[in-house]
Ligand SMILES: NC(=O)c1ccc[n+]([C@@H]2O[C@H](COP(=O)([O-])OP(=O)(O)OC[C@H]3O[C@@H](n4cnc5c(N)ncnc54)[C@H](O)[C@@H]3O)[C@@H](O)[C@H]2O)c1
């Protein structure tokens, strides 16, 4: 069964029209609600790489997880990924078979946003596309409890902007997990301009319950980690392009000199050179600051189709 996306217009929020976040730093909630103090059930939009990882993290921590994707096949792919990840943890003796079965019993899937009716929090982890995310938020919101919190796992879209298309801007927040979710300890908790203290507290506590370490970040392009990481990768391309050292020596330098587990150029190959370039372009445009200009060599390699591991050739050949 497919999700109905066509009726997006019928669910358009009405409160936010004409209200600009810059002139309204503390938005009064339009729906009466009692603030949540505890999250027992998490809804997740998207059963892909991140959605399935987030569902697994919830389920292992004893929290009910409801994954909604556009097709049953997508949900089955997500469930398969979770099962395989849990099996690896069992084989490494980090989880018992009973704990794995218990975790799986906490996960349900659907192709309908109605399935979010019992959720205390819904984390949107669908494809990275602004128009799609706005459509999804408008469609799912009528199915939420009045006091439910909405979060997005977006890597690059403004949390303030997404909050403003909902009818619960004060109960909207960014929860930026890292890939692979079951292994990565960090969650960036992103406060939009409208996010309330109560919403921040509940989500911050939830990240800890999931066994993660949350850091609190104000909404801005790249948040904190990618804001620092991607310009560092870009700088490695400047250094390589200027012929200061070989690619291998640049990576050895950063591994041994800074204790990084992987060199910046090898990391660029892993992430995708096109992704690194696109992120630099966003920073360059949104900050209007030349310090974010992309390295010419990075641009050249992307133009040549040398995108990294995924194309078989980036800085290194695979
Ligand atoms: N992959 C990463 O390393 C990473 C890291 C941090 C954050 N993110 C962010 O997480 C989000 C998801 O990324 P991903 O890598 O999991 O992508 P993905 O392509 O693996 O999964 C996205 C899923 O969303 C589903 N989807 C699309 N439209 C939908 C709809 N209308 N309703 C429900 N589901 C829908 C797709 O079918 C797909 O299964 C993006 O916003 C991305 O920027 C990704």
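The values are calculated or read from the model by the stated rules, or taken from the named source; none is laboratory data. Note that the structure is predicted; figures quoted are calculated from it, not measured. Virtual Cβ from ideal backbone geometry, glycine too; neighbours counted across all protein chains shown.
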* Structure fact -> Of the listed residues (296, 264), the one being over 18 Å from residue 128 (Cβ atoms) and either in contact with a strand residue (DSSP E or B) (Cβ under 8 Å, 6 or more places away or on another chain) or crowded, with 17+ Cβ neighbours inside 10 Å (or both) is 264
* Asked: Name the residues in the stretch 172-192 that are within 11 Å of the ligand (Cβ to nearest atom) and assigned to a strand (DSSP E or B), would you?
  -> 174, 175, 176, 177, 186, 187, 188
* Structure fact -> Filtering the stretch 124-139 for residues that are touching a strand residue (DSSP E or B) at 6+ places or on another chain (Cβ under 9 Å) and near the ligand (Cβ under 8 Å from one of its atoms) leaves a count of 5
* Structure fact -> Flagged in the stretch 209-226 as more than 18 Å from residue 199 (Cβ to Cβ) and in a strand (DSSP E or B), in numbering order, are 213
* Among (1) assigned to a loop (DSSP other than H, G, I, E, B); (2) touching a helix residue (DSSP H, G or I) at 6+ places or on another chain (Cβ under 7 Å); (3) free of Cβ contacts under 8 Å to residues at least 60 places away in the same chain, where does residue 251 come up short? -> (1)
* Asked: Where residues in the stretch 140-171 are in a strand (DSSP E or B) and within 15 Å of the ligand (Cβ to nearest atom), which of them is farthest from the chain's Cα centre (by Cα)?
  -> 150
* To do: For the stretch 33-109, please list each of the helices (runs of 4 or more DSSP H) lying entirely inside it that holds at least 2 residues being near the ligand (Cβ under 9 Å from one of its atoms), buried (at least 19 other Cβ atoms within 10 Å of the Cβ) and assigned by TED's automatic domain parsing to the domain that holds residue 169.
  => 49-60, 72-91
